[in-house]
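One structure coming up, written as structure tokens, with questions to follow.
Rule-based calculations on the coordinates, nothing more; no lab input. Computed from a predicted structure; not experimentally measured. Note: ideal-geometry Cβ built from the backbone for every residue, glycine included; neighbour counts use all protein chains shown.
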Amino acid sequence: MRKYQRLSFHEREEISRCLAMNYSIRQIARHLKRSPSTISREIKKTSKRIGHYRCVLAHCRAKRMKHISKKPRKLIKNKPLRSFVFKHLQLLWSPEQIAKILVLEYPNDITMRISHETIYRYLYVRPKGQLKKLLIQCLRQEHKRKHTRSSTFRGNSLREYLSIEERPAEVADRIIPGHWEGDLIIGKRQGAALATLVERTTRMTFMVKVKNKEAKTVRKCFTHIFKKLPKELKKSLTYDQGSEMAQHHLFTKKTNIQVYFAHPASPWERGTNENINGLIRQFFPKGTDFDTVSTWKIKRAQELLNTRPRKTLQWQTPQAVFHKSVALAS
């Protein structure tokens, strides 16, 4: 059985010529060694009357239609699914997070299923104008070129500190919650900054604006955050060797939380916090002047991060896992 092949430009040209010579559809089919139904469909698709068939227009239309899927796209025909996807894209969820959480929220509804590849294809092909621009901006796609950092370490003002090598093994295992990583995201012109804390097991994140990066200011900020947490969830803090943590002894005295310091120029030793800082940059890009950022905006970004499902948490949210840990610790 002969495998079907699309009509070529030469065949369409022959159809046009034969029609001008008043050939019947069956005569044209025999001439081209094609099925009469193929010739009939070709003529009907591209002309209202037999005499109006033009090979160039017909061939252009065929090339255009070749790239249009005949199967209706899920996000076009399924309005509830489309609303769910658009809503969570605007919350800065990734397509993979959306696809996974659909299964958890609609376990018995197979119409609420879509792969993350389908979401990507839809976003880049279907929406137009401002909607397309808005939705694509929601994707985490800013993979800017990385510049090699200097490995020169300029020293610090820390005294009598504990290295990360002295940290208990249970911290690395991520089994017991209560071990934290901290950092500062510096703002424009080295002014106000954003203090960030992330719990290693649950990925729960706290963010607070600090007016400067002086050691006293940062120590008070972190102390204030930890005062609100249960005692069982305050075990250790891992930090880099920044001068803003120079008052770590006083911090430990006030909170009973031991601080461990990563090696110089070794951000991977605080990988959880580094990853969270990358996500935070989606809300506050490099060069943000935190003096002009409201507390509400910071809390809103914190809420969006903590209510976003994570693959590493089996698609649970950091907030849900953290609250379970709080309940168990109480």
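Rounded to the nearest 0.05, what FRET efficiency is calculated for Leu313 and Leu57 with R0 set to 56 Å and r the Cβ-Cβ distance?
E between Leu313 and Leu57, to the nearest 0.05, is 0.50.
Going by a ≥ b ≥ c, the root eigenvalues of the Cα gyration tensor, does the stretch 158-249 fall in the rounded group (a/c under 1.5), the prolate group (a/b larger than b/c) or the oblate group?
Because a/c hits 1.5 or more and a/b exceeds b/c, the stretch 158-249 counts as prolate.
Here's something else I'd like to know. Among Lys44/Lys79; Lys234/Lys311; Lys188/Lys311, which pairs are too far apart, with a Cα-Cα distance over 31 Å?
Lys44/Lys79; Lys188/Lys311, as the Cα separations exceed 31 Å there.
Please arrange His179, His59, His224, His116 by how many other C-beta atoms lie within 10 Å of their C-beta, fewest to most.
Neighbour counts put them in this order, fewest first: His224, His116, His59, His179.
Right, next: Angle between the Cα long axis of helix 215-227 and the longest principal axis of the chain, 0 to 90 degrees, nearest 10?
80 degrees
Averaging sequence separations of C-alpha pairs under 8 Å and six or more residues apart, then dividing by the length of the chain, give the relative contact order as a whole percent.
About 14 percent, as a whole number.
Next question, about the same structure. Ignoring everything except DSSP H segments at least 4 long, calculate the 222 nm mean residue ellipticity for the chain; use -39,500 (n - 2.57) per segment, divide by total residues, nearest 500.
That comes out to -13000 deg cm²/dmol.
Then there is this: Give me the distance in nm between label points sitting 7 Å out from Cα along the Cα-to-Cβ direction at Leu162 and Gln90, one decimal.
4.7 nm
Normalising by the residue count of the stretch 186-330, find the relative contact order in percent from Cα pairs under 8 Å and 6+ residues apart.
The normalised contact order for the stretch 186-330 reaches 29 percent.
With a point put 7 Å past each Cα toward its Cβ, work out how far Lys231 is from Lys188 in nm, to one decimal.
4.6 nm
Oh, and also: For the stretch 265-330 and the stretch 223-238, what is the separation of their C-alpha centers, rounded to whole Å?
16 Å
Length gain on complete extension for the stretch Met21 to Ile176, per 0.36 nm per residue less the alpha carbon to alpha carbon distance?
47.2 nm
Give, in nm to one decimal, the length gained when the segment between Gln282 and Ser83 is fully stretched (0.36 nm per residue of separation minus the Cα-Cα distance).
69.4 nm
Next up: In nm, to one decimal, how far is the modelled label at Lys220 from the one at Tyr124, with both set 7 Å along Cα→Cβ?
5.0 nm
Sticking with this structure for a sec: With a Förster radius of 56 Å, plug the Cβ-Cβ distance of Lys297 and Arg64 into 1/(1 + (r/R0)^6) and report the FRET value to the nearest 0.05.
For Lys297 and Arg64, the calculated efficiency is 0.75.
Under the 0.36 nm per residue contour assumption, what length would be gained going from the current alpha-carbon distance of Ala329 and Leu104 to full extension?
78.3 nm
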